[in-house]
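The values are calculated or read from the model by the stated rules, or taken from the named source; none is laboratory data. Keep in mind it's a predicted model, so treat the numbers as computed, not measured. Please note: Cβ atoms are built from the backbone with ideal geometry, for glycine as well, and neighbour counts cover all protein chains shown. Note: accessible area is taken over every heavy atom of the protein model, side chains too, but ligands, DNA and RNA are not part of it. Shrake-Rupley method; radii C 1.70, N 1.55, O 1.52, S 1.80 Å.
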Amino acid sequence: MIEPQEILEAYELHAKALAQASGLNKTSVFEALAAAGVTLVTVAFDGEGDSGQIENIQAHAGDAEAQLPTLPVEFQKVAWNSAKLDASSIDLREAIETLCYDYLEQEHGGWENNDGAFGEFVFSVSNKSIELEFNGRFSDFSTSSHTF
């Protein structure tokens, strides 16, 4: 029989591995962007009704739009219920998308369900930061009852 403490410890190890992978992946993405001369990347996402996707990725070099280069990036993944990091080489665009999906899951799990959400990530290469603007949708109603 598995003890609750064992489950908690396994979960904590998995969460620690996910955080480590996220940090390494963020570093890999920013190194590739800097090497390509990209200074800013915006990533728009939208989802609802149990489906969500990255809508657009736009790169900039200074004030000018730029092509996101096709570059291999070392990317770390962690299988569910594991604490082992597994490195592979993926394209920069896929690395950016995966990093964004991972952050959405981390901060707003289920963002694509029901009324869903939309927003934008902004990757600032100069200060190696990623800002997320998240807009969650919701249904609301107003009820009135009258007796005359």
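Report yes if some residue within segment 41-59 is within 16 Å of residue 122 (Cα to Cα), modelled with pLDDT of 95 or more and outside any strand (DSSP E or B); otherwise report no.
No, that holds for no residue.
Those residues that are farther than 15 Å from residue 46 by Cα and open to solvent by less than 80 Å² (accessible area, probe 1.4 Å), I need them from segment 128-148; list them, please.
Within segment 128-148, 129, 130 qualify.
Say whether the condition of being surrounded by 14 or more Cβ atoms within 10 Å (Cβ to Cβ), touching a residue at least 12 places away in the same chain (Cβ under 8 Å), touching a Phe, Trp or Tyr at 6+ places or on another chain (Cβ under 7 Å) and aromatic (Phe, Trp, Tyr) is met by at least one residue in segment 24-41.
No, the conditions are met nowhere in segment 24-41.
Can you name the residue in segment 64-81 that is within 27 Å of residue 112 (Cα to Cα) and of a type in the set (S, T, N, Q) and, of all such residues, is most open to solvent (accessible area, probe 1.4 Å)?
Selected residue: 81.
Step by step: first the residues of segment 82-127, then only those that are of a type in the set (D, E, K, R) and under 14 Å from the mean Cα position of the chain (by Cα), then the one that is surrounded by the most Cβ atoms within 10 Å (Cβ to Cβ). Which residue is that?
Among those that are of a type in the set (D, E, K, R) and under 14 Å from the mean Cα position of the chain (by Cα), it is 112.
Exactly one condition in (1) over 23 Å from residue 60 (Cα atoms); (2) open to solvent by less than 60 Å² (accessible area, probe 1.4 Å) is false for residue 13; which is it?
If we test residue 13 against (1) over 23 Å from residue 60 (Cα atoms); (2) open to solvent by less than 60 Å² (accessible area, probe 1.4 Å), just (2) comes out false.
Go through segment 52-63 residue by residue and tally those that are over 14 Å from residue 42 (Cβ atoms) and open to solvent by 50 Å² or more (accessible area, probe 1.4 Å).
1
Tally up the residues in segment 42-82 that are without any contact (Cβ under 8 Å) to a residue 60 or more places away in the chain and not charged (D, E, K, R), please.
Counting residues in segment 42-82 that are without any contact (Cβ under 8 Å) to a residue 60 or more places away in the chain and not charged (D, E, K, R) gives 21.
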